[in-house]
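Peer 1: Would you mind keeping the following structure in view while I ask a few things?
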Amino acid sequence: MKLAQSTCPQRRRRGLAMLLAMMALVICTILTAGFLAAQGTSMGIARNERDGERARAAAFSGLDLALNQIRNLPTWRSTMSHGLWLNNYAIGNGAATVYVHAADGSGSYLTDLTQPVIVVSTGQSNGRSFTTMARIGPTGAGTIFYDGNFITGAITLGNGSYSGATVPAPSLDSYDSNATAPSFARPYTAGTFGSNGRIATNTENAANVQLLNNASIYGRVTLGSNASLAITASGTARSPDVIDKQSALRTLPTVIFPNTAGLTNRGSINRSSGTQTISASGYYSSATLSGGTVLVFMNGTIYVTGNLTINSAGYLWLAGDVNLVVDGNVTINGRITLNSTSSRLRICSKGTININSTQLPTWQDPTQFMIYGSPTCTQVNISGATNLVGSIIAPSAAVTMQASNSSSIGTTSPQMFGGIIANTLTMRDCSVLHFDEQLRSYDEHNVRGGSAPNGSADYYVQNLGPSTVSASNAAANTTLLTSQIQTENCGPGN
């Protein structure tokens, strides 16, 4: 009996120890499980973050690919299908789906060749996705008048050997269209011209910039990048105040013509008297105003597939923002009037342009009346007692300004208020070009390509932030984008 009683406390102690050990094991197991669970959660979060960053990188790379295509494929508006451009296209460790929509909701990039597009790019990686959206639109060639008038080749002011009674004295000077002082058309007061006339050229040969007889340049001439700082001046010509040179040769832009597809056929315009009113866009086989008046009340496009002729008794009056596109030649001997400072006229010609002895828009802003020439527009002639307030952008054209009567050049020579961009410029007799200093900061939207000053991109990109992808209006996928620019830098891979 005594022996049995002595073993009970030992058994109780062993049982307690076993219980404590089991409790410790359970606690360790719980702690281990918690640690492993925490580790798994942390690893999952890390994977999600990694995949999220990959999706984000793929989305922005998809945006870059679309921008690269727009910048480097001149025919993208007609070549690329509207809607889906890339479908789950592999980029690094992710993939991108890119939709490109016309900003006006028309479903076509060709409705307006200057309109922007909305790009929606979604990146995906292992179930994670990120969507961003941007507006991309053309800015044209930027401030293309930043160096003043620009002429690719030769510049000649003067008639050379002249035997008339009056010595010709063509000149280039400046004015500021914001200044108050109207004499004619508000921009300029005779005898108070400015000395900030500017003209630049790619020519590097001094013989290609000539000032003859009494010709004058009040301002600056900028030559090609490798030119010596010299021009050719003869007689009593007034040399420019400054001669400098470009840091690099410029390339001229290409004019963007308004879209004329789908316009209604409205016959022809042939008016010798009376009044005709145009209130809607359309195309005409020809347009001749030998007399009478044509009134235009609209914002839109008038497309003439033949020639446009406004004779001395003809009168074109416009209220609105109008594109006048002409496949043939343009002859203007009559008047063109814009009824307010909000009215604008852009004449876009594929043929020769002749302007003679006429008063053209009399508002002081030369950007209200713009003349554009396509690559097939190789000649612009301004003659007679023409007063032109406007600007000419005709990169392939030889522009000539001269009197219409050699016996009275003082009263039959043209003067222009604005700026010229062309292939060559010849100013004879008493022609005068008054460069508007406001044009130096004017951002031109109807041309593309060409050289531009720093900061003037051909296309702007406006980040619209994260968004959601809509499959509406999606067109069939095209392989053109991936086949042409798949070597584009697509961001981090791992």
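Peer 1: Express the relative contact order of segment 284-364 as a whole percentage, based on alpha carbon pairs under 8 Å and six or more residues apart in sequence. Each step should come with its number before you reach the end.
Peer 2: Details: 222 pairs, mean separation 21.9, N = 81.
About 27 percent, as a whole number.
Peer 1: OK, next. Compute the relative contact order of segment 149-448 as a whole-number percentage, counting only Cα pairs closer than 8 Å that sit 6 or more residues apart in sequence.
Peer 2: Working: 955 pairs, mean separation 52.4, N = 300.
Dividing the mean separation by the residue count of segment 149-448 yields 17 percent.
Peer 1: Rounded to the nearest 0.05, what FRET efficiency do residue 248 and residue 88 have when you use their Cβ-Cβ distance and R0 = 45 Å?
Peer 2: With R0 = 45 Å, the Cβ-Cβ based efficiency is 0.60.
Peer 1: A further question follows. Taking every alpha carbon pair in segment 232-353, what does the distance histogram look like in 5 angstrom bins from 0, in percent?
Peer 2: 2, 10, 17, 21, 15, 7, 5, 7, 7, 6, 3, 0
Peer 1: Please list, in chain and number order, the residues 5+ apart from residue 177 or on another chain whose amide H is under 5 Å from its amide H, with Hs placed from the backbone.
Peer 2: Those qualifying (amide H under 5 Å, at least 5 residues apart or on another chain) are 437, 438.
Peer 1: Right, another one. For 147, 176, which order do you get if you count the other beta carbons within 10 Å of each Cβ and list the fewest first?
Peer 2: Values: 147 19, 176 16.
Final ranking by Cβ density, sparse to dense: 176, 147.
Peer 1: Still on this structure, please answer the following. Mind checking the alpha-carbon convex hull of segment 149-448 and giving the volume per residue in Å³? Before the final figure, lay out each step's value.
Peer 2: Numbers: hull volume 36.3 nm³, N = 300.
Output value, Cα hull per residue: 121 Å³.
Peer 1: Please report the antiparallel percentage of DSSP beta bridges with both residues in segment 149-448, rounded to the nearest 5. List each step's numbers first, then the result.
Peer 2: Details: 4 of 107 bridges.
Roughly 5 percent of the beta bridges in segment 149-448 run antiparallel, per DSSP.
Peer 1: Something else about it: Express in whole angstrom the spacing between the alpha-carbon centres of segment 414-430 and segment 274-306.
Peer 2: Here the two parts' Cα centres lie 28 Å apart.
Peer 1: Treating the beta-carbon of each Lys and Arg as +1 and of each Asp and Glu as -1, no other charges, what is the dipole magnitude of segment 149-448 about its Cα centre, to the nearest 20 debye? Write out the running numbers ahead of the final one.
Peer 2: Numbers: 15 positive and 13 negative charges, 81 e Å.
That gives segment 149-448 a dipole magnitude of about 400 debye.
Just so you know, all these numbers are worked out from the coordinates, no wet-lab data involved. Please read all numbers here as calculations on a predicted model, not as lab measurements. Reconstructed Cβ throughout: ideal geometry from the backbone, glycine too, with neighbour counts over all protein chains shown.
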